[in-house]
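The values are calculated or read from the model by the stated rules, or taken from the named source; none is laboratory data. Being a predicted model, the structure only gives us computed values, none of them experimental. FYI the Cβ positions are ideal-geometry reconstructions off the backbone, even for glycines, and counts take in every protein chain you see.
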Amino acid sequence: MLLFGWALALLTPMIAEHNRRRYRRRDLTRAVVDELVSLQFTMAMVAWSHRARNAQVTDIFLDAIIPLIQSYAGPDKDEGLVSALQNSRARSEEERIAAHRVVRKPNEGLIICQYALPLFVTQIADLAICPLPFQRSVSHIRYHLDLFNQRVPYLLSLFDKTYTVTDQNREIMVGNLEAGYRFMGERAEIIVKAIEELKGAV
C-alpha cells in the first residue's frame, strides 16, 4: 500500500498535466480553425472578385466556393451574397463570362488590402502541443497569406504611378498591375483550398 500510494503521488501530477494539455490542444485547435474559416470566407470573396474582373468565373470555381459561403456563420455573412452567387451559378458558364466581360472596367483598379491572423500570431508558440501535420498545414496557410500580403504595397504603388507616367510606361505598369492582380487571385484560391483541406483533416 505504501508503494502504491507513492506511485500514485508521482503519477497524479503527470495525469493531470496530460489531461490539461489534451484539453488545451483541443481548444487551441478549434480556435485556430475558427479563425482560418473566417479567412477562408474572405479569401473566397477575394478570389471571386479577381475572377470576375478577368471574366473567369467558371462553374467549377462557383461549385467550390458557394458551399463555403453558405456554411459561413461569421459577422460578414450575407444571405444576399449567397443568393447572388447561386443565381450566377444557374446561368450557363458562357453567359456568365460574357456578362462579366460587358461590365468589366479595365481602367479601374481593384481594392486590395492585407489580412491578418491575430489569434494565430499570439498563440504560435503554443502550437507546439498540436500534432505535427496540423502545425505544417497552418504554417503552409500562413506562408501563402504572407506572400499575398507582401504583394499589396507593390501593387498599390503601381496603381498610384499610373496617374503620372507617360502613355508607353503606363501601358507597361498596367500590364504589371494586371499580372499582380492575377497573382493575388490565384494566391487567394490556394489559401481557400488549403484551409478546406485542413478542416477535413481536423
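Things to note:
- Gly180 being farther than 30 Å from Thr29 by Cα and surrounded by 14 or more Cβ atoms within 10 Å (Cβ to Cβ): yes
- Residue check for Arg89: part of a helix (DSSP H, G or I), more than 18 Å from the chain's Cα centre (by Cα) and touching a residue at least 40 places away in the same chain (Cβ under 8 Å): no
- Test: residue in the stretch 59-75 that is part of a helix (DSSP H, G or I) and aromatic (Phe, Trp, Tyr): yes
- Residue match in the stretch 102-116 (condition: surrounded by 15 or more Cβ atoms within 10 Å (Cβ to Cβ) and outside any loop (DSSP other than H, G, I, E, B)): no
- Within the stretch 155-186, being outside any helix (DSSP H, G or I) and not β-branched (Val, Ile, Thr) holds for one residue alone: Tyr163.
- The conditions of being at pLDDT 90 or above, of a type in the set (Ser, Thr, Tyr), assigned to a helix (DSSP H, G or I) and closer than 23 Å to Gly185 by Cβ are met by Thr42.
- Inter-residue pairs, beta-carbon under 7 Å, first under 18 Å from Ser38 (Cβ atoms) and hydroxyl-bearing (Ser, Thr, Tyr) and in the stretch 110-135, second surrounded by 13 or more Cβ atoms within 10 Å (Cβ to Cβ) and modelled with pLDDT of 90 or more, 6+ apart: Tyr115/Leu39; Tyr115/Thr42; Tyr115/Leu145; Tyr115/Asn149
- Failed item, numbered, when Asp126 is tested on (1) in contact with a Leu (Cβ under 7 Å, 6 or more places away or on another chain); (2) surrounded by 15 or more Cβ atoms within 10 Å (Cβ to Cβ): (2)
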